[in-house]
Amino acid sequence: MKKYILLLLLNLFASTALFAQISVKSFEVLETDLEATTFSPKKDINGKNCAIIKVFTTQTGFSFDNGALGIVAVEQKPAEIWVYVPEGTMKLKIVHPQLGHITNAEKDGYYWFPEGRLKSGVVYKMDLITGVVRTIVEEPKIQTGWLLLSSTPTGADVYLSQNGQDETLIGITPLSKKLDYGMYSYRLKKFNYNDEVGLLEIKDESHTLNIDLKPIRNTSTEVPVIKTEENPKAVIKDTAEVVKIKKEPIFKIGVEGSFDYANIASHSKIAFGIGVMARLGRINSLINGTIGLKYQYAQASKEVSYDFLDYESYNTFKGKAKYSNTANEIIIPAIVNFNLKKVYIGVGYEQGIAIGQKESYTPTGNDGFDLDVYNAITEYNGEKVTTVSFPSSSIVAQVGWLHKHYDLKLYYKYNLSNSSNSQMTIGVGFGYYF
């Protein structure tokens with residue numbers, strides 16, 4: 001029986017200790033403490049020194065109340081709290097947001113001082129027994145949900161970004177991934193299909209999204225080529241990728257203009273031409289050829305000095321004469337070209353067909369003496385001034401630059417029609433191929 005009574009008393013004591021969060025252990029006067037009068041005094045509304053209650057505790061966050069007289073000041077000190085109260089204060093209420101009220105207070109919640117009214121300028125010590133307040137910081141629980149993303153067709157790369165950050169690859173469709181609640185921007189990428197972009201929000205346990213991908217329309221002349229043993233030069237990054245190789249047409253028509261300068265049979269010759277050219281073979285192939293039909297206007301001229309004897313007056317006249325030969329020609333070039341990466345070189349043959357030519361003589365500088373007898377002048381000094389013959393045939397060597405539609409070249413011609421005379425023909429041409 002005594003054993004059960006002892007256990008009951010122990011349980012009651014434990015329960016009382018559990019709920020007794022604030023209690024006053026002792027209250028006494030510190031007779032030798034001069035803080036209230038000398039070192040740290042404060043005045044009440046009547047101009048008298050306050051009494052100081054030094055509350056000894058390791059806890060903080062208390063609030064104090066002494067009724068109608070009011071609290072003058074509260075100062076937190078290491079391991080104690082100084083409460084300044086007016087003279088005549090008889091009670092004190094102590095409250096803590098976690099620990100509660102004083103457990104050994106009166107029914108009105110105040111602890112009544114055993115000393116009665118507190119005196120001015122006197123320091124009192126109140127020793128508290130309290131529970132321990134511990135601060136526990138818990139991270140907020142982040143809510144998450146499942147993203148269930150599929151596409152038609154499947155196998156698209158899925159990129160996500162949030163709050164303006166860079167896109168991150170999170171997988172391929174079909175995709176199931178757990179994400180934090182929030183708004184996301186997405187991008188789906190698949191070869192030969194347009195990118196699909198949009199926004200999605202994770203706010204429930206799961207979010208389902210299905211996206212139809214749209215194929216890219218092929219409007220060019222490019223053809224897909226798969227890397228095989230027969231085509232080892234096709235470079236691919238993975239087995240699913242198709243490499244596009246530009247398929248150039250084997251036949252192209254273009255226009256070309258040209259300018260020639262020559263020194264043939266001591267004559268200066270210039271020629272302008274324009275015509276239609278046809279290119280046989282792809283531009284990017286090692287060898288291709290050109291054949292054309294051009295119209296060319298050419299003029300060769302030479303100026304000579306002479307002495308002329310007038311048989312009637314036996315006077316000798318000095319003069320100059322300009323001999324020229326003009327012609328309209330049809331030119332047919334045939335050239336074989338060899339590609340050297342950035343430029344090409346070519347060699348071939350060019351045949352001219354004269355459709356009209358005219359020789360002319362113009363006397364100049366003869367002191368006003370009008371000469372119109374061509375043979376008399378040309379044969380006077382014992383030799384006849386020869387003129388350049390048309391049409392012409394030539395061997396052509398050229399170097400050029402060809403890019404897509406444009407053709408720019410320099411060429412040299414060896415004239416076979418006047419091979420007995422020293423000559424040099426150089427020219428420049430510009431073409432455009434459709």
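Just so it is clear, none of the values below were taken in a lab; they were calculated from the coordinates. What you are looking at is a predicted structure, and each value in this text was computed from that prediction instead of being measured. Using ideal geometry, Cβ is built from the backbone for each residue, glycine included, and neighbour counts are taken over all protein chains shown.
Key figures for this structure:
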item: Residues with amide H under 5 Å from that of LEU280, placed H, sequence gap 5 or more; result: GLY289, THR290, ILE291
item: By average C-beta atoms within 10 angstrom, highest first, the peptides 270-278, 129-137, 70-78; result: 270-278, 70-78, 129-137
item: FRET efficiency estimate (nearest 0.05) - Cβ-Cβ, ALA79 to LYS42, R0 22 angstrom; result: 0.60
item: Stokes-Einstein translational diffusion, region 20-130 - Kirkwood Rh over all Cα pairs, 1.306 mPa s, 10 °C, in µm²/s; result: 114
item: Cα gyration tensor, region 144-212 - rounded (a/c under 1.5), prolate or oblate; result: oblate
item: Region 144-212, relative contact order [Cα under 8 Å, separation at least 6], %; result: 43
